[in-house]
Amino acid sequence: MFEIESQVRSYCRRFPVTFRSARGSELFDESGRRYIDFLAGCSALNYGHNDPDLTEALLAYVSEGGIVHGLDLQTSAKERFLATLHDTVLRPAGLDHRVQFTGPTGTNAVEAALKLARKVTGRPNVIAFTHGYHGVTLGSLAVTGNRTHRGSESFPMLGAQHAFFDGYLGPDVDTSEILDALLSDPASGWEPPAAILVETVQGEGGLNAASPEWLRSVAAIARRHGALLIVDDIQAGCGRTGPFFSFADAGVVPDLVTLSKSISGLQPPTGPRPRPPGSRRLAAG
């Protein structure tokens, strides 16, 4: 029956096995053969498959008539979630960001952040960085640097310029100074951006980690040129670098933060973080 499925597929092309069940870190195919699941839903399954506590809570919620689809209506489940997120994540980190619920994937959060930044500033252009990865829907694909992803499209990628990520030109070149020079020169051909979009640690791009000094410089450049700072924390956030937010130790506060890949089950942040003056502190994802 898989013949009736679209050819727009990814992982199953390279791993043509039909799975039947899953438990913890293991998958089982139709013949009962066991596999260790290193994909884990692209890091979305913090607890593995069918964790007993989660299963029990889910069954209890459904059996009690809990709302499983409420559009963007207010529900008691959403209220509890927001209260928990505020008390365990945002407030300990010294953040007063608002929360926007987007679609279920990371690229949905990036699209929402780009749209919001353009709406707030009235500017169309967004600056992203070499080797960056932000998704493969149209807007997020434009700010993704990888030619493998971009080359599959037959239409132009608009509304984005790519600057050099930290270390791209070697350890002795501060690429943030180049970015500032281009934005400061009215003859450079670079338009004032709506936002600067950055990953503190590039995942798909090769696990390139930006230095705290470089991140602080980029944040200052965004403020100086009237752009919003967006940190794409979809792959590096949620505790993967230590604190809940990957930018926390750099001492920057982005205007928008995108989160996905399951935000639960990890150590909450500790201690307040400094806030730059004038930060609008918006959030998507």
**OP:** Answer yes if at least one residue in region 79-95 is touching a residue at least 40 places away in the same chain (Cβ under 8 Å), assigned to a helix (DSSP H, G or I), open to solvent by 50 Å² or more (accessible area, probe 1.4 Å) and over 22 Å from Thr105 (Cα atoms), and no otherwise.
**Re:** yes
Original post:
Residues that are in contact (Cβ under 8 Å) with a residue 40 or more places away in the chain, among the polar types (S, T, N, Q) and within 22 Å of Val89 (Cβ to Cβ): which strands (runs of 3 or more DSSP E) entirely in region 166-272 hold 1 or more of them?
Top reply: 256-258
Subject >> Test: Val62 is more than 26 Å from the chain's Cα centre (by Cα) and open to solvent by 40 Å² or more (accessible area, probe 1.4 Å) >> reply: yes
**OP:** State whether the residues of region 52-75 include one that is within 22 Å of Ala236 (Cα to Cα), free of Cβ contacts under 8 Å to residues at least 40 places away in the same chain and not β-branched (Val, Ile, Thr).
**Re:** no
Original post:
Looking at region 117-135, which of its residues are over 25 Å from Gly167 (Cβ atoms), surrounded by fewer than 21 Cβ atoms within 10 Å (Cβ to Cβ) and either among the small types (Gly, Ala, Ser) or in contact (Cβ under 8 Å) with a residue 12 or more places away in the chain (or both)?
Top reply: Arg118, Val120, Thr121, Gly122, Arg123, Pro124
**OP:** All but one of (1) farther than 21 Å from Ile263 by Cα; (2) open to solvent by 40 Å² or more (accessible area, probe 1.4 Å); (3) more than 26 Å from the chain's Cα centre (by Cα) hold for Thr55, so report the exception by its number.
**Re:** (1)
Subject >> Those residues of region 45-65 which are over 18 Å from Ser25 (Cα atoms) and among the aromatic types (Phe, Trp, Tyr), in sequence order >> reply: Tyr61
Original post:
Applying the selection to region 40-69, what residues are of a type outside the set (Phe, Trp, Tyr), assigned to a loop (DSSP other than H, G, I, E, B) and either touching a Pro at 6+ places or on another chain (Cβ under 8 Å) or at pLDDT below 90 (or both)?
Top reply: Ala44, Leu45, Asn46
Original post:
Among the candidates Ser25, Ser31, which residue alone is of a type in the set (S, T, N, Q), at pLDDT 90 or above, open to solvent by 90 Å² or more (accessible area, probe 1.4 Å) and more than 19 Å from the chain's Cα centre (by Cα)?
Top reply: Ser31
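The values are calculated or read from the model by the stated rules, or taken from the named source; none is laboratory data. The shown structure was predicted, so the numbers you read here are calculated from the model rather than taken from an experiment. Neighbour counts run over all protein chains shown; Cβ positions are idealised from the backbone, glycine included. For the accessible areas, the whole protein counts, side chains as well, though only heavy atoms, and no ligand, DNA or RNA atoms are used. Shrake-Rupley method; radii C 1.70, N 1.55, O 1.52, S 1.80 Å.
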